[in-house]
Amino acid sequence: MTFKPGIVVTGASGRMGQMLIRTVSDSDKAHLVGAVERAGHSWVGRDVGEAMGGAPLGVTVTDQPLEAFAQAQAVIDFTTPDATLEFAALAAQARAVHVIGTTGMTEAQIARLEPAARHAAIIRAGNMSLGVNLLVQLTKRVAAALDEDFDIEVIEAHHRHKVDAPSGTALMLGEAAAEGRGVALSEVADRGRDGITGARERGHIGFSAIRGGDIVGEHDVLFAADGERIVLRHVATDRAIFARGALKAALWGQGQGPGQYDMVDVLGL
Ligand SMILES: NC(=O)C1=CN([C@@H]2O[C@H](COP(=O)(O)OP(=O)(O)OC[C@H]3O[C@@H](n4cnc5c(N)ncnc54)[C@H](OP(=O)(O)O)[C@@H]3O)[C@@H](O)[C@H]2O)C=CC1
Ligand SMILES: O=C(O)C1=N[C@H](C(=O)O)C[C@H](O)C1
């Protein structure tokens with residue numbers, strides 16, 4: 001019989017948490033062994049399937065992450081930067097693969113993942129979908145092929161509940177464009193325009209964020225020159241694409257040693 005890794009989902013009641021619970025429990029390649037929420041959350045102590053309004057799944061929501069992680073081979077975590085840092089230390093202690101979808105982490109917070117990555121595999125990406133990770137590769141290639149006559153703008157749109165901007169995906173796309181151009185994104189990023197901004201600076205990479213309604217996630221990379229424009233676009237219409245990517249990462253991580261990985265590693269792009 002093939003071994004099926006046990007998976008814990010953190011932030012179980014969240015938009016992605018619920019999608020992940022469904023994806024993992026429907027999978028024939030893994031099984032759900034834990035669901036974590038913060039202390040005091042109304043779901044703690046309840047069966048996670050019932051809390052989601054469906055049939056029982058035989059997994060009780062807990063506010064004790066280390067106890068849950070100790071039973072698991074992988075933790076899938078789409079929560080907040082602070083929670084993710086706490087979970088990284090605990091997943092490393094339990095030697096469980098930590099799949100991180102959380103966005104909005106600062107460079108300093110990302111650096112704090114390094115001690116955990118010495119003990120277990122961490123797979124982190126601002127977007128776990130196949131389509132976006134392919135778009136990242138295309139963006140790098142197009143940016144490398146064009147010179148600074150083409151202004152690069154990353155435009156993203158998300159639902160009204162999103163708390164971070166630019167999105168993790170927009171930053172991945174900006175990094176890819178900068179890499180293609182052979183420049184550091186931190187040197188050329190324009191992350192917010194308001195008022196008398198002055199004319200656009202040649203070579204800069206601009207970011208714009210739209211927030212509204214229930215938009216799952218839309219990203220355009222615009223290359224605009226005099227007389228022509230290229231637009232690379234990804235539109236997500238279902239959060240299942242992120243959950244499927246995260247599960248794929250958790251399974252791929254089973255064969256890996258400690259270290260930090262991303263979806264390009266997982267998908268072999
Ligand atoms: N990489 C990718 O492919 C994708 C990444 N994301 C990212 O995933 C993250 C979550 O998104 P989304 O699901 O929409 O957000 P939600 O706010 O719906 O979900 C976050 C969940 O995490 C819980 N949480 C927060 N802190 C803790 C903690 N200390 N312990 C346990 N649970 C905790 C929250 O609980 P409470 O409500 O009590 O605060 C909430 O249930 C965001 O950063 C988003 O950008 C989203 C989609 C795809
Ligand atoms: O918060 C979201 O919803 C999403 N977040 C990720 C991001 O910040 O790019 C991925 C996806 O676009 C949905």
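What the table below lists for this structure:
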| quantity | calculated |
| --- | --- |
| Largest to smallest accessible area among MET128, MET16 [probe 1.4 Å] | MET16, MET128 |
| Note, ³J(HN,Hα) from phi for segment 20-31, Karplus 6.51, -1.76, 1.60, rounded to Hz, x at Gly and Pro | 5, 4, 5, 5, 5, 6, 7, 7, 9, 10, 8, 9 |
| The chain - percent of accessible surface contributed by carbon and sulfur, probe 1.4 Å | 48 |
| Burial ranking of peptide ranges 19-32, 73-86 (average Cβ count within 10 Å, highest at the top) | 73-86, 19-32 |
| Label point distance in nm, GLN71-ASP149, each placed 7 Å from Cα along Cα→Cβ | 6.3 |
| Loop-resident sites, segment 151-225, for GluC sites (Glu not before Pro), counting at most 16 other Cβ within 10 Å (DSSP) | GLU201 |
| Additional length obtainable on full extension of the chain from GLN109 to ARG193, 0.36 nm per residue less Cα span | 27.7 nm |
| Å² per residue, accessible surface of segment 34-87 at 1.4 Å | 47 |
| Partners for LYS29 among lysines (Cα-Cα distance below 23 Å; same-chain residues under 8 apart left out) | LYS4, LYS248 |
| Alpha-carbon centroid distance for the pair segment 218-269 / segment 110-140, whole angstrom | 9 |
| Under the Karplus curve 6.51 cos²θ - 1.76 cosθ + 1.60, θ = phi - 60°, whole-Hz ³J(HN,Hα) for segment 240-250, x wherever Gly or Pro sits | 4, 5, 6, 5, 5, x, 5, 5, 4, 5, 4 |
| Rg(Cα)/(2.2 N^0.38 Å) for segment 126-212, N = residue count | 1.09 |
| Equivalent ellipsoid semi-axes, the chain, via Cα gyration tensor eigenvalues times 5, rooted, Å | 36, 19, 17 |
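The values are calculated or read from the model by the stated rules, or taken from the named source; none is laboratory data. Bear in mind that the values here come from a model prediction, so they are computed numbers and not experimental data. Backbone-built Cβ (ideal geometry, glycine too); neighbour counts: all protein chains shown. Only protein heavy atoms, including side chains, enter the accessible area calculation; ligands, DNA and RNA are left aside. Shrake-Rupley method; radii C 1.70, N 1.55, O 1.52, S 1.80 Å.
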